[in-house]
Amino acid sequence: VASGVRPRLVVDPDAPTGTVVCLVDAAAAAERTFLTDSGASLRLAPGDWSEALLDGVAWLHLSGYLLFSEPSRALVSAALASARARGVPVSLDPASAGFLAALGVDRFLTLVEGVHVLLPSRDETCLLTGLPDPADAAAKLSRHVPLVVAKQGSDGALVARSGAVCARVPAVPAAPRDTTGAGDAFTGAFLATLLASADPEAAAAEGCRAGATAVGRVGGRPPRSDSRGP
């Protein structure tokens, strides 16, 4: 709450809370690997969705992890329908190249129809298109989703729409200690800036700045001293 986040939680009496073990490479890039037990998260279903969650909401952001079980895929469909009815734009982060490969590219692209902004990593962008070059992949992906903002780590970000890359945003120099949460920091700053009426390139630049801050810290949560009031 101190950081302006209001949780809306559903308790599942029959499944444990999801658990993630994060392994961070001690090498210079400080890349992280997740070992994930999704637990109760895989049991999210349409009954856990409420139209009231969109009251006063200007944007809906969804995690791609919701696409990796049948009940939560149905929840995504319900959320997209609600957002469409209210004229609320929707963004989605594919979340995991490994899970995407298991789900299947064609199935993923069908499930995200109606999403306005896709925020994949470099690996996810290439996996979703079958193209080895990230710029070519982002351009191709933007024929399926109106705006693609492909996060490129230390290479910044690519902004693509209508089948072409329209901006290459440089990264902000950083000394990585832990890349956990960097993509989420990018996404949060990007969407907040976009909602403030900035263009996607300027919003991506803010995302790169937030990502650079995140990789300079250990852990995926800002320290309490950085908290802001709601």
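The values are calculated or read from the model by the stated rules, or taken from the named source; none is laboratory data. Computed from a predicted model, the values in this text were never measured in an experiment. Note that we place each Cβ from the backbone using ideal geometry, even for glycine, and neighbour counts take in every protein chain shown. Surface accessibility is based on the protein's heavy atoms, side chains included, excluding ligands, DNA and RNA. Shrake-Rupley method; radii C 1.70, N 1.55, O 1.52, S 1.80 Å.
Stretched out straight at 0.36 nm per residue, the stretch from D48 to V218 would grow longer than its current Cα-Cα span by 57.9 nm. Convex hull volume per residue, computed on the Cα atoms of segment 89-174, equals 90 Å³. Relative contact order of segment 12-104, taken over Cα pairs closer than 8 Å and 6 or more residues apart, is 24 percent. Take every Cα pair under 8 Å whose residues are at least 6 apart in sequence, average their separation, divide by the length of the chain, and the relative contact order is 16 percent. Residues R84, R43, ordered by accessible area of protein heavy atoms at a 1.4 angstrom probe radius and largest first, appear as R84, R43. All C-alpha to C-alpha distances of segment 30-156, sorted into 5 Å bins beginning at zero, yield P(r) values of 2, 10, 20, 23, 19, 14, 9, 3, 0 percent in whole numbers.
Per-residue SASA remark: L158, around 10 Å² accessible (1.4 Å probe; ligands, DNA and RNA not included). Once all protein chains are placed together, K151 keeps about 30 Å² accessible to a 1.4 angstrom probe. Here the contact order of segment 48-145, divided by its residue count and restricted to Cα pairs under 8 Å and six or more residues apart, works out to 24 percent. Calculated accessible area for the chain comes out at 53 Å² per residue, all protein chains present (probe 1.4 Å; ligands, DNA, RNA ignored).
How many percent of Cα pairs in segment 92-230 exceed 20 Å? Cα-Cα pairs in segment 92-230 separated by more than 20 Å: 44 percent. Only protein atoms count toward the accessible area here, which uses a 1.4 Å probe; on segment 11-104, the carbon and sulfur part of that area reaches 59 percent. Summing Cβ point charges (Lys, Arg +1; Asp, Glu -1) relative to the Cα centre of the chain gives a dipole of roughly 400 debye.
Each of L100, L131, V76 was placed along the dipole of segment 60-172 (beta-carbon charges, centred on the mean Cα), and the one lying farthest toward the positive end is V76.
For T110 and A58, the difference between the fully extended length at 0.36 nm per residue and the C-alpha to C-alpha distance is 16.3 nm.
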